[in-house]
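Structure, as structure tokens:
Read-outs throughout are calculated quantities, based only on the coordinates presented, and are distinct from any laboratory measurement. Computed from a prediction, not measured in an experiment: that's the story for all the values here. Cβ sites come from the backbone with ideal geometry, for glycine too, and all protein chains shown count toward neighbours.
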Amino acid sequence: MTATRRPARYQGVFPVVPTIFDEEGTLDLAGQKRCVDFMIDAGSNGLCILANFSEQFVLADDERETLTRAILEHVAGRVPVIVTTTHFSTDICLARGQRAQAQGAAMVMVMPPYHGATLRLGEKQIHHFFGRLSDGLDIPIMIQDAPMAGTPLSATFLAKMAHDFERVRYFKIETAGAASKLRELIELGGDAIEGPWDGEEAITLLADLDAGATGAMTGGAYPDGIRTIVDAFAAGRRDEAVEAYGRWLPLINHENRQGGFLAAKALMKEGGIIACDAPRSPYPAMSPHVRAGLLDAARRLDPLVLRWGR
């Protein structure tokens, strides 16, 4: 029998905040704040910063600190903010988490330690890594189970870490067969699994909600649309959630399979929220064909992102 799970402190839609640059590739903090204001106005239950969809891999350490401080100060408690602190080094990851905690982060999100295409660790080292983080923090830790890390994390192992470590309470599952993994994790972890979450831009959201997901970490452009799915499901109106999912799925699919992390910024620029949607070199700009398809899918839905800045 599945154990009873504790009530989640954080649930709902927590989209990833894109990092806004100007045409020279410099941080655009004014644009960043407008981006955050839009995402809150669009119904985000919370936000996540410095994630992969935030282009964290092109940011210098001092820029990470600048963004963390600027965003947390600007949000000023309006919604909880998750700060991604992933690093291969246990000490550096912990120090990042402690700084984020001191600045007001609600949670940290961390992938298992990896580097490049081949440098991986076994369960013993990963267990020690998250144990150190749990001992050194007072806020929850979300383990990001994502293909990018290239590190298999079984539901059994994730549940063990939830039982072993007080702060390890949230799990963003982005691997293949996410719904089945969420079910197994919830079954094995019981009360220790405070937050089983969906990810990957909501491409598997409905199946993951059916499996027991209580949170969704999506792209940042249309939390108003994702809320229509998640809120209906949470209220027990599954048929309404299914209908809403079908309505938003073309846009979700275009972001997940075509536009990637540039999709949110392209929509925000189109809606007048930000002035520049360019990535940082060497990543290529979005193809005009992909952009046209993205905008076509969005205009059929009239999301707030296309109206907020006008």
Going fewest to most other Cβ atoms within 10 Å around each Cβ, TYR222, TYR283 line up as TYR283, TYR222
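With Cβ to Cβ distances under 10 Å as the rule, what net charge do the other residues near GLY272 carry (K, R +1; D, E -1)?
+3
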Excluding residues fewer than 8 positions from LYS181 in its own chain, the aspartates and glutamates with Cα under 17 Å of it are ASP145, ASP191, GLU194, ASP198, GLU200, ASP208, ASP210
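So if I place +1 on the C-beta of Lys and Arg and -1 on the C-beta of Asp and Glu, and nothing else carries charge, what would the dipole magnitude of the chain be about its Cα centre? I want it in debye, nearest 20. Don't skip to the end; give the middle numbers.
Working: 32 positive and 39 negative charges, 37 e Å.
Value, rounded to 20: 180 debye.
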If each K or R counts +1 and each D or E counts -1, the residues other than PHE157 whose Cβ falls under 12 Å of its Cβ total -1
Any lysines whose Cα falls less than 28 Å from that of LYS265, other than same-chain ones fewer than 8 residues away, would be LYS33, LYS172
Per the C-alpha gyration tensor (a ≥ b ≥ c, the square roots of its eigenvalues), the chain is rounded if a/c is under 1.5, else prolate if a/b beats b/c, else oblate; here it's oblate
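Within a 10 angstrom radius of the beta carbon, how do GLU200, GLU270, GLU23 rank from fewest other beta carbons to most? The partial results should precede the final answer.
Values: GLU200 23, GLU270 20, GLU23 9.
So the ranking, lowest neighbour count to highest, is GLU23, GLU270, GLU200.
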Residues whose modelled amide H sits under 5 Å from the amide H of GLY12, counting only those 5 or more places away in sequence or on another chain, are GLY215, ALA216
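As an exercise, identify the trypsin sites (Lys or Arg not before Pro) in the range 200-290 lying in DSSP coil whose Cβ has no more than 15 other Cβ atoms within 10 Å.
ARG237, ARG280
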Ordered by fewest other Cβ atoms within 10 Å, a rough proxy for footprinting exposure, TRP197, TRP248 read TRP248, TRP197
